[in-house]
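The block underneath contains the structure these notes are about, expressed in structure tokens.
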Amino acid sequence: MVVVSANVVLVYLLAHRWLDTLAGARVASALYAFHWLPLGFGSTVYPRPTSTCCVLLGALLLSSRGKGPLRGCAAGGLLSLAFAMRYSEIVFALPMLVLGWVGSGEQRVRLGRCAGLLAGLAG
């Protein structure tokens, strides 16, 4: 249940960063906290909550305002860790590439972040 609680906090942080409203972040985290999937799978031995934590943390790293490919590389490493736990988590590779491309201003920074994501995923 600790990982599920961490996922609620990560959903809150992501929603606050993307929506830029406190109310929207609270609603998003409350909806996630009381949804039946995290509640149902949070106390089992399945790797779903842990891989979700890796995906959410990677998305949070990619959507941060910092420059450089290191955040993309760390996000790719977290995505590959989630992929190692659950094979279906590889479907988040394309949305995370889009997030890395859209998230920053300069084309060189976007390209570096996406290359870092692919390098972290391959590593």
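Read-outs throughout are calculated quantities, based only on the coordinates presented, and are distinct from any laboratory measurement. As the structure is a computational prediction, the values presented were derived from the model and not from experiment. Cβ coordinates were reconstructed from backbone atoms using ideal geometry, including for glycine residues, and neighbour counts include every protein chain displayed.
A few points about this structure:
- Sparsely packed chymotrypsin sites (Phe, Trp or Tyr not before Pro) within the stretch 13-93, loop by DSSP, other Cβ within 10 Å at most 15: 34
- Between the residues 50, 123, 37, the greatest Cα displacement towards the positive end of the dipole of the chain, with unit charges on the Cβ of Lys, Arg, Asp and Glu, is found for 123.
- Computed over the alpha-carbon pairs of the stretch 14-123, the distance histogram in 10 Å steps reads 16, 40, 33, 11, 0 percent, short to long.
- Compared with the dominant principal axis of the Cα atoms in the chain, helix 70-85 is inclined by about 40°.
- Under Karplus coefficients 6.51, -1.76 and 1.60, residue-wise ³J(HN,Hα) of the stretch 87-93 in Hz, glycine/proline x: 5, 6, 6, 5, 5, 7, 5
- Counted by neighbouring Cβ atoms within 10 Å, the residues 8, 2, 98, 55 run from fewest to most as 2, 98, 8, 55.
- Against the chain, whose longest principal axis is taken from its Cα atoms, helix 2-19 shows a tilt of about 50°.
- Relative contact order for the chain: 25 percent, from Cα pairs under 8 Å spaced at least 6 residues apart, divided by residue count.
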